[in-house]
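Input: a single structure, listed below in structure tokens.
Read the figures in this text as sums done on the coordinates, not as results from a lab. The shown structure was predicted, so the numbers you read here are calculated from the model rather than taken from an experiment. Cβ sites come from the backbone with ideal geometry, for glycine too, and all protein chains shown count toward neighbours.
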Amino acid sequence: MQAKPGWWQRAALYQIYARSWRDSNGDGIGDLLGIVEGLDYLSWLGVDGIWLSPTMPSPNTDWGYDVSDYLGVHPDLGTLADMDRLIEEAARRDIAVLLDLVPNHTSSSHPWFLDAIRAKQADHRGYYVWAPPKPGGAPPNNWTDATGAPAWTLGPGGDEYYLHNFLPTQPDLNWWDPRVHTEFEKVLRFWLDRGVGGFRIDVAHGLYKDAALRDDPPAMPGDHPAALRDGHRTVYSSHRPEVHTVYQRWRQITDNYEPARVLLGETWEFDPRRLAEYYGRERPELHLCFNFAFVFSEMRARSLAAAVEATLAALPLGSTPTWTASNHDLGRLATRWCHGDQRAARTALVLLASLPGVLVLYYGDELGLGDVEIPPDLQLDEMTRGRPGGSRDRCRTPMPWQPGENYGFCAPGTRPWLPMGEQASTNVHSERADHGSVLHLCRQLLALRRCGRLAAAGPVERVLLDDQVWAFRAGETITLANFSPTTTTRELALGGPLRTLASTRPGQTGEKVGPVFKLGPWEALVLTP
């Protein structure tokens, strides 16, 4: 049977970094039962689903993205019974639970890899990508991993390299081996049968590698810097066309579950036309795809408008776009887009909520929470420790729930797994008591989405665009935003009287406005007839 139009098509999803959301047992680490304790808050906020960053057993060399068991729960986070309870309790509140699935690579501690390195004739040898050295012992090609080092490490015996697009403790799987497909179809069904609402698929663009292991070519003019590795286009080390057959099959599997389940891909594509391919041209593939051309846009009117318009023009008819500006790798929107300006954070939330499709918030976005600087001696993320751009730990710090020691994340006297920084007023308790807070604005926006007033399916029609202001029509609403720190005035002929449906300035809702609009610094309005 085909999946019916799903709950996810205009959903607000909320990403939880499980170790950092809420500690229920006093060890300083967030856990599944802590998430259960926070479900009423998420229901009050108005989210439709939660995406949990990795919850599966792992040695944590990449904090869960190095999986050692796809059918379990990391002991730091709880048990399978705790996961079942979370899924059940979330469902009672009409909240779906999406798990993070990592099919590109495993941990080097996974039983498959431990068997693969035992001998060339080992049963699981073919589950991974192996290649002999070049003459003289050099790696097989010029591919580099996420740290900039060669993407190849010599295995035991020293006569073959194995591939890792990330750390050497994360060997890449060989999707040319049909047995890998079978293994992951079992994984999907295991969790779908337990009631998960779907999966966020890590490195969704990267599963297949060029069968001939050709060198990646050098960058070309116009390539997005974030799409490159060590100055090369990753056209052979990832982004292979065969990956689409995987998602066509996974879509068949998920479409046989009721209620509808969702596949959300981490599709690291910067060309909207190539992004569109992951939705499926001839056969359905992923339901949703992260849009990194939008994520990496600057928070300027023309930059964001161009990304939105190019995306919507490229997607197949009936596809659902996905909008986000924060995650566990790239940082929080209040810092990376807004540079700590809470007025700009409000405008970013209005923009994200107004666009048609799915909105993905990273925990703390609803508070205007920013990144936290972590002293070098307290940084834990091996992938990014000490790098010029800063450690990813900055955006993975524990959630601030209330004023006081440890901000309610864990008990007083307990050391949180990462420092929390200063959150004196940016916390759930303080903002919930302040009806003019970022939190209440976010809640209002999610309520408008749920009742159909915002994020209507269909085109985004440009009303006004210049260097400072962007106004667009989506459905019956018009979103008007000043993307600058200075006051400006615009006159818009909008065909009749309008009133304010939502505003970054507290207390404006319901006011009749126009046709002349005086917009304060970083002010945004949502207008309705």
Residues other than Arg453 with Cβ under 13 Å of its Cβ, Lys/Arg counted +1 and Asp/Glu -1, net out at +3
Relative to the Cα centre, what is the charge dipole magnitude of the range 460-528, using +1 at the beta carbon of each Lys and Arg, -1 at the beta carbon of each Asp and Glu, and rounding to the nearest 20 debye?
-> 160
State the Cα centre-to-centre distance between the range 360-384 and the range 245-323 in whole Å.
-> 26
Once every Cα of the range 389-529 carries one equal point scatterer and solvent is ignored, give the base-10 log of I(q)/I(0) from the Debye formula at q = 0.16 Å⁻¹, two decimals.
-> -0.92
Given unit charges at Cβ for Lys, Arg (+) and Asp, Glu (-), the dipole magnitude of the chain about its Cα centre in debye, nearest 20, is 1400
For the range 19-106, the dipole about the Cα centre with charges only on Cβ (Lys and Arg +1, Asp and Glu -1), to the nearest 20 debye, works out at 120
Fewest to most neighbouring Cβ within 10 Å: what's the order for Ser237, Ser484?
-> Ser484, Ser237
Relative contact order, percent, of the range 460-528 when contacts are C-alpha pairs under 8 Å separated by at least 6 residues?
-> 34
Nitroxide proxy distance, nm - points 7 Å out along Cα→Cβ at Thr182 and Arg385 | 4.0
Rounded to the nearest 5, the percent of antiparallel DSSP beta bridges in the chain equals 60
Gap in Å between the Cα centre of the range 103-177 and the Cα centre of the range 482-503?
-> 56
Which listed residue (Gly198, Gly357, Thr234) has the Cα farthest towards the positive end of the charge dipole for the chain, taking +1 on Lys and Arg C-beta and -1 on Asp and Glu C-beta about the Cα centre?
-> Gly357
Residue order, fewest to most beta carbons within 10 Å, for Glu183, Glu298 = Glu298, Glu183
Of the candidates Pro156, Tyr14, Gly64, the farthest towards the positive dipole end of the chain (Lys/Arg Cβ +1, Asp/Glu Cβ -1, centred on the Cα centre) is Tyr14
For every helix of n ≥ 4 consecutive DSSP H residues, a contribution of -39,500 (n - 2.57) applies; sum these over the chain, divide by its total residues, and give [θ] at 222 nm rounded to the nearest 500 deg cm²/dmol.
-> -6500 deg cm²/dmol
For the charge dipole of the range 460-528, defined by +1 on Lys and Arg C-beta atoms and -1 on Asp and Glu C-beta atoms about the Cα centroid, which residue among Pro521, Ala502, Ser484 has the Cα displaced farthest towards the positive pole?
-> Ala502
Plugging the Kirkwood radius over Cα pairs into Stokes-Einstein for the range 460-528, at a temperature of 10 °C and a viscosity of 1.306 mPa s, what D comes out in µm²/s?
-> 134
Going by how many other beta carbons lie within 10 Å of each one, how would you line up Asp40, Asp31, fewest first?
-> Asp40, Asp31
Plugging the Kirkwood radius over Cα pairs into Stokes-Einstein for the range 241-400, at a temperature of 10 °C and a viscosity of 1.306 mPa s, what D comes out in µm²/s?
-> 93
Relative contact order (%) - the chain, alpha-carbon pairs under 8 angstrom, separation at least six = 13
Go from 0 up to the bin containing the longest alpha carbon distance in the range 140-240, width 5 Å each, and give me the % of pairs per bin.
-> 2, 11, 18, 21, 17, 12, 9, 6, 2, 0
